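A quick write-up on the structure given underneath.
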Amino acid sequence: MFPPVHLPLRSSGSLAAAAALYLLSASPGLLAQVDPATEADHAAIIRNWDDESFQRGKRLYDAICITCHGNLTQAGSLPTSRPFWLEPFKNGADPFSIYKTLTTGFGQMPAWPWLTPELRYDVIHYIREEFVKPHNPDAYFATTPEYLAGLPKGSGFVRSRETEEFERGPKWKRMQFGPAWFWTLEVERGNIAQKGIAVRLDRGPGGISRGNVWMLYDHDTMRAATAWTGDEFVDWKGIAFDGSHGTHTSIVGEKLFVNPPGPGWAKPGTRDFADNRPLDKAGTPYGPLDRDWAHYKGAYLSGDRMVIEYTVGGTRVREMPALEQSGSATVVSRSLNIGARERELFLRLAPVTTPVALAGQSECELIEAGGFHVLRVPAANQSTAVKVLLADGTNDQAANAVQVLAMVASPAADLSALIRGGPAHWPEEITVAGETRDDGGPFAVDVIPVPNMADNPWNAWMRPGGFDFFAGGDTAALCTWNGDVWLVKGLAGDLQEVRWRRIASGLFQPLGLKIVDGVIHVTCRDQIARLHDLNGDEEIDWIESFNSDHQVTEHFHEFAMGLQTDAAGNFYYAKGARHAKTELVPHHGTLIRVSRDGSTSEILANGFRAPNGVCLNPDGTFFVTDQEGNWHPKNRLNLVQRGGFYGNMWSYGAPASESDDAMEKPLVWITNEMDRSPGEMLWVTSDAWGPLKGSLLNLSYGTGDIFLVPHETVDGQIQGGVIRMPIERFPTGVMRGRWHPTNGHLYAAGMFAWAGNQQQDGGFYRVRYTGKPLHVPLKLHARKGAMEITWSDPIAPEAATRQGVFTVKTWDLVRAQRYGSKHHNEREREVTRVELSADRRTTTLHLPDLGPTRGMEIHCELPTGDGTVERTIHNSIYAQASP
C-alpha cells in the first residue's frame, strides 16, 4: 500500500471560515484516518450547539457542500448528491451517523477527516436546522437524552486536525507564478478577456500575483483590455483555485483605463473597429479575429519583461507593456515595434477620458475616434518604434504626469534584444529519490515523488495534467493544471535520483502535453502552446502560439484535454461542454484536429460533456471517455469516428432528435461504483507487458485505478466492458499514461480537483509487469444464451463445477436531460452452467434469458490452482452473436 504521510497536529481554535478555505486547498490524502468513535465527546458537542455553531456550519456549507448538494435556490453541480430538504439520508439520519459519513466517506461522498470534530458537527447542525427540520421533517432525527447517553464518550477532549499546511493559507494564493499569466479574466460586468494575458509591470519577487500594477491583453482580439493597480491581483474565484463551480476569475483594484470587448486594431486598410467575429448562441462575439486581420503569434519572456508578438494584416508587431511611474499618479506604457507596412494602421488605446501621450518624437500620431484615443500608424517601408503612455483618468495629477513623462521618458526601445532569452526565473533543480516496490503481485508500482508545495521554493501546486518523454526516455516534460511545465530527469533507471526543474509557469489550465521533434507542445484552454528555450538554460523564453483557434468562454467546465498526434503529424484534443448548461460555441463538447503546421482546426465529432483526453487507434478512429451528467446516464467509453454524435444534447451541433437512436452507443456504460470518472485510454504497445500487449486500458481520475477494456464488435457495433487491473489503487486520480520508449514500462500521472475518491493533489508513477499470473479477461464475447470470457491465465477445472464461482446481474439505464440515471430493473441472472475450454482459458457462462443490456456485472471467484482470485467485470451488450 502507499504509505500515509503524517503531518503534525496543532491546537484548535481557528475560524470556521479559514477551515473552509483550508478544506478547499488541502490534500486529504495527507491526513491519517482515525476512529470517529474515540476522538471526541460527541454528546457534549451536540448539547453545546448554538447560533455560533450554526453560523460556522453555514460558512462551511456555503464554501464546500453547496458545490455538489446545492441549496434551496441553487441546484448542486452533482445532482446525484442528496438534496437534504427533499430526500432521506442514505447512511443514517441521526447526527452521529452523519458524522461517521463525514469522517469516513460513503459512496461518492469523500471523507472529511481534516476538519475538527466540532466543525463536522457544526455543518451537521446547519444542515439539520436549515434544510431538514423546516422542509423535510420526516428525515429530522430528535436528539433525546437517551440517544445522547448512548453516544461514544471519546477521550474527553477534541483533537484538532488543523496542520502547518493550514496555517500557511490557501494554496492558490501561496503559489508563485511567473511574470505573466494566461487566463480568462473579467474586467468588469460584460467585459471579459476570454484569452487574457496578464503581465506584471512593477518589479519585485514572487511573480505576477505579488505585484501591484498590471496590464491585461486579450489575444482573441489583440486589445489591451485594461491596466490596473492594487494590493490584490485577482479575486481567485474559479474551479482551479477555490474549487467553486459556476464562477470565473475577476481582476480587483483600481483601473487606469478600460477598453471594451472587440478588436484592438482597426480592420487593416480601414478605420473600422466593428467586431465581425461570429456570434455565439447568446449573441456575443467569440473566438479569434480572422488571421488576415490580427493573429496572435506568442510571447517572449526576458527576466521580468514580456514581449507579445502578433500580426496586423501582414505586418508584424512586437509589444511590451511597462510601468513608467507609480505612486500618486501611476503611468504605464505600451512600447510597440511595428514592421514595414503598405497601408496605415489604427490602434485603439483608451477612452478619451484617459490621459494619453507619445514618448518623444514619432511619425505616429494620436487622434480621437468614436470616443477613444487612437494611434495612427502611417504606411512606411521600414519598421517604426513608438511608446504610448497611459494614466488613470480619474486622477487629477495623471494628465500632468503623462505630459511630463512624454518629454523625459526613454523613447521606444528596439525589442529585438528581448526576444533571445533572458535570465532564468527558477534555476534550482529539486532532487528526489523514487521508491521502487514489488509486493509480489503481477504489477509493481514505483513512486516518482512530485515536489509538492512543501518541497519546492515557489509553492507550486503540483496537479499533473499531462506529460511526455523526450528521445531516450530519461527526461520527460510534465504540465500541471495551474499552469506550470516541469522537466523531470532520471526516469529511465532505478529512480534514485529524479531531478525536477520548473521551466514555465502561468499557462491556462494545461491538461495535455506532447513532445514533437524535441519540442514541447501543451494543450491549454486558450491555445496549443509550443515552448522554446532560446538561450540554452533549459527555461522557456518563447511561448509560441502554435494554434489559437480555441473558442473560449468563461464557463468553468469547458476544459481542453489531452494531446496526441497521428502519423501525418496532426494534433488532437478534446474540448468540454458547459456543465448543466446548453452550448454556446461550436467547440463545446467536441473532438478537434489541428493540422500539422497549426494553421487550421477542424471539429471531427461532437456530443461530449467532459471528455478527459484522446486515444488514437491504428485504424484512424479514436477512443474518448466521457462523464456521467445531463444526457449521459453513466460514464461512457466511446469509439469515435468522424462525424459521430456521442449523446450530449448540450454540445454544439447535436441532432434535432433526442432519441437514443440518434447517438452512437458507447463501448460500455460504466456505473459509478466501478469508475466514477474515467480518464484517458491507451493501447498496450509494449512487449514489457507480456500477454496484455494489444489490449486496451482506461485510466481512472475518479478511483485512481487502471482498467482493462476487453471488447468485441458484433454486427458492426462495438461493445465490451471494464475490469479493475490487479494494481494497487493510486492515492490520486490517474488520467494520463505513456509507454517508456526504452524500458517499455507504463508511466502514469494525474491529479485530484473535485469529485474523485483518491484525493492526494497529484502523483507520477511507473507501473511494471512482473510476469506473475494476471487472471484478467482478455476477451468478452456475447452470444445468444451465453457469455464467453477468455482469460490471460489458465483457470482451475473446478471453475466449471463449483457453485457460485460466477454471479451475474443486469440493469437498465434511462438517458434523459436530467443528470445521470439510477439502475432500473436491476436483477440477478441465473448461470445455469459453466463450460471450461480445453486450454482452461475460456469460460462460457450459460445464461438462457440474457439479452441486450446497458448494464451488466459478472462477479468471479476464480479458482486458480493456487487459491482464489476475485474479479468483477462491468460491461454492456447491444448485440449477441449466433451460437
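The values are calculated or read from the model by the stated rules, or taken from the named source; none is laboratory data. Bear in mind that the values here come from a model prediction, so they are computed numbers and not experimental data. Backbone-built Cβ (ideal geometry, glycine too); neighbour counts: all protein chains shown.
Observations on the structure shown:
- Some residue of the range 245-252 being more than 27 Å from the chain's Cα centre (by Cα) and small (G, A, S): no
- Selected residue (criterion: surrounded by the most Cβ atoms within 10 Å (Cβ to Cβ)) from residues of the range 702-750 that are within 18 Å of the chain's Cα centre (by Cα), over 17 Å from L491 (Cβ atoms) and among the β-branched types (V, I, T): T732
- Any chance I448 is touching a strand residue (DSSP E or B) at 6+ places or on another chain (Cβ under 9 Å), within 27 Å of Q759 (Cα to Cα) and not aromatic (F, W, Y): yes
- Scanning the range 520-562 for residues that are among the small types (G, A, S) and farther than 29 Å from L699 by Cα gives G536, S545.
- Checking each residue in the range 604-642 for being among the β-branched types (V, I, T) and in a loop (DSSP other than H, G, I, E, B) picks out V614, T621.
- The combined condition, being closer than 15 Å to R501 by Cα and either surrounded by 18 or more Cβ atoms within 10 Å (Cβ to Cβ) or in contact with a Phe, Trp or Tyr (Cβ under 8 Å, 6 or more places away or on another chain) (or both), is fulfilled by W426.
- Check on G303, small (G, A, S), on the phi > 0 side of the Ramachandran plot and in contact with a helix residue (DSSP H, G or I) (Cβ under 9 Å, 6 or more places away or on another chain): yes
- Of all residues in the range 72-102, those being touching a residue at least 60 places away in the same chain (Cβ under 8 Å) and not charged (D, E, K, R) number 7.
- Near pairs, Cβ below 9 angstrom, 6+ apart or cross-chain, from the range 343-357 (in contact (Cβ under 8 Å) with a residue 60 or more places away in the chain and not assigned by TED's automatic domain parsing to the domain that holds D396) to any residue that is part of a loop (DSSP other than H, G, I, E, B) and surrounded by fewer than 23 Cβ atoms within 10 Å (Cβ to Cβ): none
- When F257, F273 are checked against the criterion of being in a strand (DSSP E or B) and surrounded by 19 or more Cβ atoms within 10 Å (Cβ to Cβ), F257 stands alone in meeting it.
- Scanning the range 24-79 for residues that are charged (D, E, K, R) and modelled with pLDDT of 75 or more turns up D41, R47, D50, D51, E52, R56, K58, R59, D62.
- Identity of the residue in the range 334-348, touching a Pro at 6+ places or on another chain (Cβ under 7 Å) and crowded, with 21+ Cβ neighbours inside 10 Å, that ends up farthest from L375 (Cα to Cα): R334
- Single residue of the range 281-309 satisfying the filter (in a strand (DSSP E or B) and among the basic types (K, R)) that is surrounded by the most Cβ atoms within 10 Å (Cβ to Cβ): R305
- Evaluated against (1) modelled with pLDDT of 95 or more; (2) surrounded by fewer than 16 Cβ atoms within 10 Å (Cβ to Cβ); (3) over 22 Å from D272 (Cα atoms), G360 falls short on exactly one condition, (1).
- Counting only residues that are touching a Phe, Trp or Tyr at 6+ places or on another chain (Cβ under 9 Å), assigned to a loop (DSSP other than H, G, I, E, B) and buried (at least 21 other Cβ atoms within 10 Å of the Cβ), the range 171-211 holds 6 of them.
- Going through (1) in contact with a strand residue (DSSP E or B) (Cβ under 8 Å, 6 or more places away or on another chain); (2) surrounded by fewer than 24 Cβ atoms within 10 Å (Cβ to Cβ); (3) at pLDDT 95 or above one by one, Q759 falls short only on (3).
- One residue from E554, E558 being under 18 Å from I192 (Cα atoms), part of a loop (DSSP other than H, G, I, E, B) and either free of Cβ contacts under 8 Å to residues at least 40 places away in the same chain or in contact with a Pro (Cβ under 6 Å, 6 or more places away or on another chain) (or both): E558
- Annotation for the range 59-77: no member residue is closer than 21 Å to L151 by Cα, in contact with a helix residue (DSSP H, G or I) (Cβ under 9 Å, 6 or more places away or on another chain) and not in a helix (DSSP H, G or I).
- Residue in the range 435-449 that is at positive phi and surrounded by 15 or more Cβ atoms within 10 Å (Cβ to Cβ) present: no
Conditions tested, residue by residue: (1) surrounded by fewer than 23 Cβ atoms within 10 Å (Cβ to Cβ); (2) in the same structural domain as E680 (by TED's automatic domain parsing); (3) farther than 22 Å from P678 by Cα.
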residue	(1), (2), (3)
D537	yes, yes, yes
W542	yes, yes, yes
S548	no, yes, yes
M561	no, yes, no
L584	yes, yes, yes
H588	no, yes, no
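- Test for E712: is it farther than 21 Å from G763 by Cβ, not hydroxyl-bearing (S, T, Y) and not in a loop (DSSP other than H, G, I, E, B): yes
- N606 being outside the structural domain of K822 (by TED's automatic domain parsing) and surrounded by fewer than 24 Cβ atoms within 10 Å (Cβ to Cβ): no
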